[in-house]
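Report on the following structure.
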């Protein structure tokens, strides 16, 4: 049995999605609604962007430390602020923040919101990003390419 390249190329894939119950955030959901955070798996490009966020965090910190040895601590802090990097953010957290931003469907998450969630509810932050990683690892869901939407009517032969 060999791999059907044409079938693979012509198959439409959709990202896997899941909802994670987050009872600790229930106060921020409507009263009559379950507190469910909706996420999806990431693409390879998005995974690379997450890895890049972690690498950027490390690189900028190394540059900042090198500048700090020159006694220019105000400049170092200004550089960190402009680049959105802090000595208190571990590279793994920077990576997960990017995963949260890219993988959240509902609510849609900004970097500021990801920072706050990681700070005030770290367990939920990890729970949500772990689900994003799990969905990413499972890959997109294959389905068949939908038709053009136009009905072709058959006429007499």
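The values are calculated or read from the model by the stated rules, or taken from the named source; none is laboratory data. These numbers were taken from a predicted model, which means no experiment stands behind them. FYI the Cβ positions are ideal-geometry reconstructions off the backbone, even for glycines, and counts take in every protein chain you see.
A compact table of results
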item: Candidate set from the stretch 129-148 (those that are over 15 Å from residue 16 (Cβ atoms) and in contact with a strand residue (DSSP E or B) (Cβ under 8 Å, 6 or more places away or on another chain)); member that is modelled with the lowest pLDDT; result: 145
item: All positions within the stretch 90-107 that are closer than 19 Å to residue 35 by Cβ and either crowded, with 21+ Cβ neighbours inside 10 Å or in contact with a helix residue (DSSP H, G or I) (Cβ under 9 Å, 6 or more places away or on another chain) (or both); result: 100, 103, 104, 107
item: Search result, residues across the stretch 117-128 that are more than 12 Å from residue 19 (Cα to Cα) and surrounded by 13 or more Cβ atoms within 10 Å (Cβ to Cβ); result: 117, 118, 121, 124, 125, 126
item: Count of residues meeting criterion [part of a loop (DSSP other than H, G, I, E, B) and modelled with pLDDT of 95 or more] in the stretch 88-108; result: 2
item: Complete set of residues in the stretch 117-146 that are under 18 Å from residue 35 (Cα atoms) and out of contact with any helix residue (DSSP H, G or I) (no Cβ under 7 Å at 6 or more places or on another chain); result: 120, 122, 123, 126, 127, 130, 131
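Matching residues to (1) modelled with pLDDT of 90 or more; (2) surrounded by fewer than 13 Cβ atoms within 10 Å (Cβ to Cβ); (3) out of contact with any helix residue (DSSP H, G or I) (no Cβ under 9 Å at 6 or more places or on another chain); (4) under 29 Å from residue 141 (Cα atoms):
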position	(1), (2), (3), (4)
26	yes, no, yes, no
40	yes, no, no, yes
54	no, no, no, yes
69	no, yes, yes, no
84	no, no, no, no
